[in-house]
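Here you go, one structure.
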Amino acid sequence: MTTQVAFAAAAVGIGAYVYMRSGATAAPATSATSANSDTTKPYFSGFGFRTLKLHSSEVVNHNTKKLRFELPDPNQSSGLTLSSALLTVSFPPTNGRWTPVIRPYTPTNPLDEPGFVELTVKLYPDGKQSGYLHSLKPGDIISCLRIPEYVWQPNKHDHVALIAGGAGITPMYQLIQGILANPEDNTRITLVWGVNGDRDIFLKKEFAELQSKYPGRFRAEYVVSQPEAGSTHRKGYVNGKVLEELGLGANEAKNKSIKVMICGPPAMEKALKGGKGPFANKTGVLHELGYKPDQIYTRLKSSPYGTDYPSRLSIKLPCHMPFRLPLKHLPSRYLSIAPEFANRLKTINLEVERKVPCLAIPTLSDPSLWSNPAFISVDPLPFKIFHDVYYDNNDTLSSHGLWVRQRNGVWQAKVNPSVRRGRANTRFEELRIESDIQKAVEAITRVEAQATANFGLNKMADFTTYREGWRVDGDFMVVRDNTSFGWGVVEIELEEQIKCVGGEEVDEKWKERKMEEMDRRIEMFMEKYSWAWGKGQVKGKLSAYLDMTRGIRSGRVR
């Protein structure tokens, strides 16, 4: 999701909050026409929310549905322009009544078709919006906001190469239809679509018809990472070799009138275009082939991957109504509508981890050691050394789910009363401010605690950790820890920050649900790459240290 969409998401979330706090009631199903009662105008003309009523749905493949929404007037046009998208807003019951879910989707029916808007939606595991949209029945209503996209200019480029990954095909499909439907546009199109399996090519029939109808102007090529037996499609991933074979190599890069557009998972985009920064385009496959930065366009706002970008930030408004924004903090121009919120921001740090005794392979950095399915991306993390000193008083804190330590001289605490000894998966809220740690300690000991006096606690463990780590598939941290007392363990971790706005505390049940969601993601990640994890007894570093130094004792220790 780009910054502009993040801004829109912020406005949507705050608008929803203000709307509900004002005591307004939900609009009835018959109000689908009220957002734009003048049916002589395009439905999405101007700026503002519109409602769409589901007319019908069609199962496209094992995880994708085509949802057909009707406009108030069957003769009314949508008013959507080429490369525009809809920012959908819903309140799924499974997400809590006060929690809006905001996702962009690209209409896939011809934009000049009157009376209807069609969304092709892929269902993701634990996907809040995709799961909700898949559950809709005819007559159900969603709210949405039109968002602009790349402004397409007919004949500006002789040739456009569209490289899509997975569900990133929907913005490309809309663009392809629009270009070919314009008799004045002579742009030649090459589509390269990378998917996991043959059954994921859910638009194969449509592309075959377009290729037959527009010979010499459009061709579609498919790259399948795990093809079925007897598959006729190219096996592998979209890389430099594949692009050369498809006529998009170094010779085509010399064509100054070619435009390459990319929409897919972050790892795919990074591999093709390169990382961020002033020299980003000099590190990717396309640069190696000779493409210049101005020949490449990436990250369409309507990409389904935009909302799952690695760095996430959660915003929590009063009344326990959280919503997520990727990458950017809530912009000050939106906070300015409620300056008291901006002055009372607090950060909540959630961490969920699962442990295994070791890796099943020597390192994650060598792709030749990987099995199937292969990781999407692996980025080595800097080597780190931690000196940890843990404090307690006869297990008083740990028995209440509080672990206090100094890591390299900085006070930290982890809180979760449900965590018990021996669990291979743990969930914590991490405290990083001394005053918060002091309050947590005093709430248990009922004695005044000061950081300068070690919060009145005694040292119970002192060891050093040597950490090697990798960021895998964008979100997940896999770390291999070896300690100064000879114990080793591997942890698979997810972390998330929540910004609290207002004076209310974050609902503990909401935090627990959030950590449960994070734990499910780790579980699915570990199941997917089960070949990477070693087998055997699992024990955390602190538990191993205490067992070694004083024998196994009753109580809750990590």
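The values are calculated or read from the model by the stated rules, or taken from the named source; none is laboratory data. Computed from a predicted model, the values in this text were never measured in an experiment. Don't worry about glycine lacking a Cβ; one is built from the backbone with ideal geometry, like all the others, and counts go over all protein chains shown. The protein model used for the area step is the full one, side chains on, heavy atoms only, and it has no ligands, DNA or RNA in it. Shrake-Rupley method; radii C 1.70, N 1.55, O 1.52, S 1.80 Å.
For region 378-420, how big is the tail of P(r) above 18 Å, as a whole percent of Cα pairs?
I get 42 percent for the Cα pairs in region 378-420 exceeding 18 Å.
I've got another one for you. How much accessible area per residue does region 353-423 have, in Å², with a 1.4 Å probe?
Spelled out: the 1.4 Å probe surface of region 353-423, per residue, equals 47 Å².
Roughly how far apart, in whole Å, are the Cα centres of region 365-407 and region 201-269?
Result: 40 Å between the Cα centres.
Restricting to DSSP loop positions (anything but H, G, I, E, B) with no more than 13 other Cβ atoms inside 10 Å of their own Cβ, which chymotrypsin sites (Phe, Trp or Tyr not before Pro) remain in region 385-419?
none
Could you work out what % of the accessible surface of region 104-225 is carbon and sulfur, using a 1.4 angstrom probe and leaving DNA, RNA and ligands out of the count?
51 percent
Okay, moving on. If you roll a 1.4 Å probe over region 449-550 with all protein chains in place, what percent of the accessible area is carbon or sulfur?
That fraction is 45 percent.
Compute the distance in nm between two label points, each set 7 Å from the Cα along the Cα-to-Cβ direction, one at GLU495 and one at GLU508.
2.5 nm
In nanometres, what is the gap between the two model label sites at ALA451 and HIS387, each 7 Å from Cα along Cα-to-Cβ?
In this crude spin-label approximation the distance works out to 1.8 nm.
Next question. Hey, can you find the accessible area per residue of region 190-267 for me, probe 1.4 Å, expressed in square angstrom?
Accessible area per residue: 50 Å².
Please turn the phi angles of region 286-296 into ³J(HN,Hα) values with the Karplus equation 6.51 cos²θ - 1.76 cosθ + 1.60 (θ = phi - 60°), one per residue in order, whole Hz, x for glycine and proline.
Computed from phi, the couplings for region 286-296 are 5, 5, 4, 7, x, 6, 8, x, 6, 8, 10 Hz.
Could you work out how far apart the two model spin labels at GLU430 and ILE361 are, taking each label as a point 7 Å from the Cα in the direction of the beta carbon, and quote it in nm?
2.7 nm
What are the lysines whose alpha-carbon lies under 18 Å from the alpha-carbon of LYS137, with same-chain residues fewer than 8 places away excluded?
LYS53, LYS65, LYS66, LYS122, LYS128
Given R₀ = 41 Å, FRET efficiency for TYR297-ALA443 by Cβ-Cβ distance, to 0.05?
0.15
Moving on to the next point. At a 10 angstrom cut-off on C-beta neighbours, averaged per residue, how do the peptides 431-442, 449-460 rank from highest to lowest?
Packing order, densest peptide first, comes out as 431-442, 449-460.
May I pose another question? How large is the dipole of region 426-550 about the Cα centre if only Lys and Arg carry +1 and Asp and Glu carry -1, each at its Cβ, rounded to the nearest 20 debye?
So the magnitude is around 460 debye.
Rounding to the nearest 20 debye, state how big the charge dipole of region 126-275 is about its Cα centre with +1 on each Lys and Arg Cβ and -1 on each Asp and Glu Cβ.
With only Lys, Arg, Asp and Glu charged at Cβ, the dipole is about 200 debye.
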